[in-house]
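Heads up: the structure comes next, in structure tokens.
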Amino acid sequence: MSIAESIIRLLRQQAQEQHFRRVKHVWLQIGPLAMVEIESLRFCFTAACRGTLAEGAALDIISPEARARCQQCGEEQPVTSRFDACIHCGSYRLQLLQGDEMRVHELEVE
Amino acid sequence: MMCGVCGCGEGEVQVGSMTGHRHDEHQHHHEPPQAGGASRRLQVEQDILSDNAGYAAANRELFEQQALLALNLVSSPGSGKTSLLTATITRLSGQVPLAVIEGDQQTSRDAERIRAAGATALQINTGKGCHLDAHMIGHAMQQLPNLQGGLLFIENVGNLVCPAGFDLGEAHRIVILSVTEGDDKPLKYPDIFHHSDLLLINKIDLLPHVDFDLNACIDYARRINPDIEVIQLSARSGEGMENWVDWINQRRQQRLQQRISALQAEAIRLESLL
């Protein structure tokens, strides 16, 4: 719920800076390793929008694949968790490149 | 998993005697949806938690200016955070300025335990909230006495999930795991271990009585975070406590040294303008 409320705060701030009155569509980027349960966020988003500039706004959530680079052998690869081992050399020293983002990507406003 | 499921809400936060609020709550305009008007698309690309990040950066700057070492203690409920803190305070009290910010959903029982151990404590009750955020810490700092050169312990709400996502501006995040929990906790709650600098394994006096594989636990934690430091201790028996107190003192010295160097550099800059 606090994530949904943070999104509404961000929309209000954008509305002031970019001069719009209403948000019709929100595109979020939520990585698979971002610790966010997508369905819960959808539910909370709808609730948090009530009585705000984003009431009734459509919500699309894009979830890019999580990818990491091994700091041991340098190979880039897809990952599914924080504790995957490198598929090439077996090291756990994987640096996440993408997949833990929580971002407001795009808006449709008027 | 995060606040969506555990019902995290912000309306009930209480910082000590002060009622918590968000600055922007005063501006809740209930904008009615308007028909018509030209629609347009905006590329925003902004982090959802950027407001927390802003408050955390302000806290971090304040801590640096005060040469104050802030430590964010996270764990599941019942790992012994408060007992560890009271044992730590007993060993450090009188040596350095020290205060504790206590986060719990309800009651000020933990703050009372800390005060009984001889330290200043401020309780934040988060209501339904499952974690502390940087904005609450900023308000708490306004109520605490001057802690220049000292230590600030932030005891987060007992929860291994949500506190992982909220930077408070601390110098180090420390995760506490007790041997009465499973040794596979790092694999079950990887994010909190990924975002911590130090793992304290508490209650090691109970090791003979439980099936806790210490080496497996450390191995799991290092799969997630190869650089995490580990200290094994028992707040109850005192075993290993000196390693923990040494760890704190080393970091506090480093922080003081950094501040002294920054001030000396500033003095040289000003002298050059004489």
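The values are calculated or read from the model by the stated rules, or taken from the named source; none is laboratory data. Being a predicted model, the structure only gives us computed values, none of them experimental. Positions of Cβ are generated from backbone atoms using ideal geometry, with glycine treated the same way; all protein chains shown enter the neighbour counts.
Please go through the stretch A:53-82 and give me each residue that is at the interface with chain B (Cβ under 9 Å from one of its Cβ atoms) and surrounded by fewer than 21 Cβ atoms within 10 Å (Cβ to Cβ), ordered by number. Matches in the stretch A:53-82: A:Glu55, A:Gly56, A:Gln71, A:Ser81. Among the residues of the stretch A:16-28, the ones that are within 8 Å of another protein chain (Cβ to nearest Cβ) and either charged (D, E, K, R) or not in a strand (DSSP E or B) (or both) come to 5 in all. Against the condition within 20 Å of the chain's Cα centre (by Cα) and of a type in the set (A, V, I, L, M), how does B:Leu206 come out, does it pass? No; evaluated as a whole, the condition is false for this residue. Restricted to the stretch A:29-47, and to residues there that are within 25 Å of A:Thr80 (Cα to Cα) and of a type in the set (Gly, Ala, Ser), the residue that is nearest to the other protein chains (Cβ to nearest Cβ) is A:Ser40.
Filtering the stretch B:48-94 to residues that are of a type in the set (Phe, Trp, Tyr) and more than 20 Å from B:Val157 (Cβ to Cβ) leaves only B:Phe63. Please find, among B:Ile101, B:Ile137, B:Ile124, the residue that is assigned to a helix (DSSP H, G or I), hydrophobic (A, V, I, L, M, F, W, C) and either surrounded by 21 or more Cβ atoms within 10 Å (Cβ to Cβ) or under 15 Å from the mean Cα position of the chain (by Cα) (or both). None of the others qualify; the one that does is B:Ile137.
If you go through the stretch A:83-106 and keep only what is within 8 Å of another protein chain (Cβ to nearest Cβ) and assigned to a strand (DSSP E or B), you end up with A:Met102, A:Arg103, A:Val104, A:His105, A:Glu106. All conditions but one from (1) on the phi > 0 side of the Ramachandran plot; (2) surrounded by 17 or more Cβ atoms within 10 Å (Cβ to Cβ) apply to B:Leu177; the one that does not is (1).
Residue-wise test of (1) in contact with a strand residue (DSSP E or B) (Cβ under 6 Å, 6 or more places away or on another chain); (2) in a strand (DSSP E or B); (3) within 14 Å of chain A (Cβ to nearest Cβ); (4) at pLDDT below 95.
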site: B:His21; (1), (2), (3), (4): no, no, yes, yes
site: B:Asp24; (1), (2), (3), (4): no, no, yes, yes
site: B:Asn52; (1), (2), (3), (4): no, no, yes, yes
site: B:Arg60; (1), (2), (3), (4): no, no, no, no
site: B:Leu71; (1), (2), (3), (4): yes, yes, no, no
site: B:Gly94; (1), (2), (3), (4): no, no, no, yes
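Any idea which residue in the stretch A:91-110 is nearest to B:Asp184 (Cα to Cα), counting only those that are surrounded by fewer than 17 Cβ atoms within 10 Å (Cβ to Cβ) and touching a Cys at 6+ places or on another chain (Cβ under 9 Å)? Result: A:Ser91. Is it true that some residue in the stretch B:215-230 is assigned to a helix (DSSP H, G or I) and more than 14 Å from chain A (Cβ to nearest Cβ)? Yes. Among the residues of this structure, B:Leu122 does not count as one that is in contact (Cβ under 8 Å) with a residue 24 or more places away in the chain and either touching a Pro at 6+ places or on another chain (Cβ under 8 Å) or closer than 24 Å to B:Glu229 by Cβ (or both). Mind listing just one residue for me: the one in the stretch A:29-55 that is closer than 26 Å to B:Leu160 by Cβ and assigned to a loop (DSSP other than H, G, I, E, B) and, of those, modelled with the lowest pLDDT? Here the residue is A:Met35. Pairing each residue of the stretch A:81-110 that is closer than 20 Å to B:Gly165 by Cα with any residue that is assigned to a loop (DSSP other than H, G, I, E, B) and among the acidic types (Asp, Glu), provided the two are 6+ apart or on different chains, yields C-beta distances under 7 Å for A:Leu94/A:Asp84; A:Gly99/A:Glu65. Does B:Arg259 fit the bill of being assigned to a helix (DSSP H, G or I), of a type in the set (Lys, Arg) and touching a residue at least 60 places away in the same chain (Cβ under 8 Å)? Yes: the conditions hold for B:Arg259.
Annotation note: of B:Ile268, B:Ile228, B:Ile192, the sole residue that is in contact with a strand residue (DSSP E or B) (Cβ under 6 Å, 6 or more places away or on another chain) and without any contact (Cβ under 8 Å) to a residue 60 or more places away in the chain is B:Ile228. Against the conditions (1) under 23 Å from B:Asn249 (Cβ atoms); (2) over 16 Å from the mean Cα position of the chain (by Cα), B:Ser178 satisfies every one except (1).
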